[in-house]
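These notes are about the structure you will find just below.
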Amino acid sequence: MFLPTRIDNIQRMIKRFKLDGILLSFSGQTALDSGIKLHETDFLQSERCNALTSAKQFGYPVLVRSRFVSNLEELIPLVNSALAQSSQLLICKSLKGWKKVEYEVVRDQYDNCIMVCNRENIDPTAPLSDQSIVVVPSQTLSSDEFNLLRSISIKVVRHLGIVGQCNVQFALNPLSVEYYIIKVNIRLTRSSALASRVTGYPLGYITTKLALGMSLIDLKNHITYETYSCFEPTLDCIAIKIPPWDLKQFVQCSHQIGMKSIEVVAISRSFEEAFQKCLRMVDENFSGFESYERTITDDEISSVADVNLFILATAFHRGYTIERLYQLTQIDRWFLYKFQAIIQFRVHRFNSSIIQDRSLLLEAKRLGFSDKQISKYCGTTELKVCESRKQFGMRPSVKMIDTVFGQWSAQTDYLYITYHGNDDDIQSSSQQWTEYPLFKDD
């Protein structure tokens, strides 16, 4: 390609082909003069430093596809390496450490719009929402934050003219009200299935009816059969979803998380109880939130490997503080305090006499400890723990998800069990129900 040796042509060629160098010894004095002018205009320096300028504008850390960069010293060698292989480099603002929050919204063609539920990712470093630990509803948002994102979600759905279900995902700065919309799903996803499961609101059914032209005001709630689908579900329980990364059978497989599995969900009246119940469903070898019998490093704690839950337990057992773990993991302190409560009870309260103390045994059950865990820590058998519960008249209450916080009676048996309750939401005609001594909960 031959072009006149003019400044504009040279600049265009440099931008297009990302040239490694310029030889000024050809094309006579014109080439030399052009090279001097380029140098005087700082064009060459600016082309080399575009990546550095972008990073400075965004503020560190930034995401240099596909790595996180925390400072200038890390950025320069990565940029040089990337540009040696490609003429393009994408610099993104990093949202690492920001809260990931999702809202499930439903709208009909008459512009009736409701929020079905919202949820929050526990681990802010998880790259995929489908492969992170999620709690429903969100636990760490203030009232202002909750209502702000709810309002934005509804505005987004109305602006896009969506009829049916929509999932809006946010990144929220934990230090301010700054937020980004990171994804809008206008289809039923696994997140939609989770929302339906936890709230009892049949998103698939409702979405189909709305597509046929029906209104939220016309569709009855299939849980109460008294209210309508335009009522926003209200929860008096908490649900936790954990993806089971079953990778142990693959020797060469990395334990870094990704799109590799399904998920399990546990429902309860407290975070601790739901969390430990969920862990036991992930793998039959997991008794609950337990620590390793080995030393750990800060790098292990800050990683996003699937085993970091148990590394967190080990860290608490080794004396790590809430603040130190927050710095390493950026998990919200509220969750860290909940994790710490489980470990502290295990370390300081468990002894052989716990099965003779009704209040301590009940506290252990409400923290999600199974009979198997209790027997292990107390040096007794699982059967003896079960017998102690029977003597104390201690069994879990059967609760019902009704979507309306108990304001109307539920007509559909959508149930879960919890030790946070004194009575059952349903009555059984079977005498065996009242005399049933054991709920084997491990």
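The values are calculated or read from the model by the stated rules, or taken from the named source; none is laboratory data. What you see is a predicted model, and the numbers here were worked out from it, not measured in a lab. Glycine gets a Cβ as well: all are built from the backbone with ideal geometry, and neighbour counts include every protein chain shown.
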Need at least 3 residues that are in contact with an Asp or Glu (Cβ under 7 Å, 6 or more places away or on another chain) per element, so show me which strands (runs of 3 or more DSSP E) inside segment 100-180 make the cut, counting only ones lying wholly within it. 113-121, 164-172
Qualifying positions in segment 199-230 - without any contact (Cβ under 8 Å) to a residue 12 or more places away in the chain and in a loop (DSSP other than H, G, I, E, B): L212, D218
Going by the structure shown, is N308 surrounded by fewer than 20 Cβ atoms within 10 Å (Cβ to Cβ), not small (G, A, S) and not assigned by TED's automatic domain parsing to the domain that holds S132? no
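Return yes when Q45 is under 53 Å from the mean Cα position of the chain (by Cα), modelled with pLDDT of 75 or more, assigned to a helix (DSSP H, G or I) and not charged (D, E, K, R) and no when it is not.
Values: under 53 Å from the mean Cα position of the chain (by Cα): yes; modelled with pLDDT of 75 or more: no; assigned to a helix (DSSP H, G or I): yes; not charged (D, E, K, R): yes.
No; evaluated as a whole, the condition is false for this residue.
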So T199, is it buried (at least 16 other Cβ atoms within 10 Å of the Cβ) and hydroxyl-bearing (S, T, Y): yes
Taking helices (runs of 4 or more DSSP H) that fall entirely within segment 291-398, which contain at least 2 residues that are closer than 21 Å to W98 by Cα? 298-302, 308-317, 322-329, 333-349
Can you tell me which condition S143 does not meet? The list is (1) at pLDDT 90 or above; (2) in contact with a Leu (Cβ under 6 Å, 6 or more places away or on another chain), and all the others hold. (2)
Return the total of residues in segment 187-208 being within 18 Å of M400 (Cα to Cα) and of a type outside the set (A, V, I, L, M). 6
Flag for F316 being surrounded by 18 or more Cβ atoms within 10 Å (Cβ to Cβ) and under 26 Å from S397 (Cα atoms): no
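Restricting attention to segment 76-91, which residues are hydrophobic (A, V, I, L, M, F, W, C) and either at pLDDT below 75 or surrounded by fewer than 13 Cβ atoms within 10 Å (Cβ to Cβ) (or both)?
A82, L83, A84, L89, L90
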Is it fair to say S196 is modelled with pLDDT of 85 or more and part of a loop (DSSP other than H, G, I, E, B)? no
Go through the residues of segment 371-379 one by one and say whether even a single one is buried (at least 21 other Cβ atoms within 10 Å of the Cβ), on the phi > 0 side of the Ramachandran plot, touching a helix residue (DSSP H, G or I) at 6+ places or on another chain (Cβ under 9 Å) and not aliphatic (A, V, I, L, M). no
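Yes/no per residue for (1) touching a Gly at 6+ places or on another chain (Cβ under 8 Å); (2) over 20 Å from A266 (Cβ atoms); (3) exposed (fewer than 15 other Cβ atoms within 10 Å of the Cβ):
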| site | (1), (2), (3) |
| --- | --- |
| R294 | no, yes, yes |
| E300 | no, yes, no |
| V347 | no, yes, yes |
| S353 | no, yes, yes |
| R358 | no, yes, no |
| F369 | yes, no, no |
| S388 | no, yes, no |
Check segment 332-345 and report whether any residue there is closer than 17 Å to S302 by Cβ and surrounded by fewer than 18 Cβ atoms within 10 Å (Cβ to Cβ). yes
Of the numbered conditions (1) in contact with a helix residue (DSSP H, G or I) (Cβ under 9 Å, 6 or more places away or on another chain); (2) closer than 26 Å to A266 by Cβ; (3) acidic (D, E), D218 fails exactly one; give the number of that condition. (2)
Checked pairs for segment 282-303, first touching a residue at least 60 places away in the same chain (Cβ under 8 Å), second assigned to a loop (DSSP other than H, G, I, E, B), C-beta under 7 Å and 6 or more apart or across chains, list as S287/S370; S287/D442; G288/G368; G288/F369; G288/S370
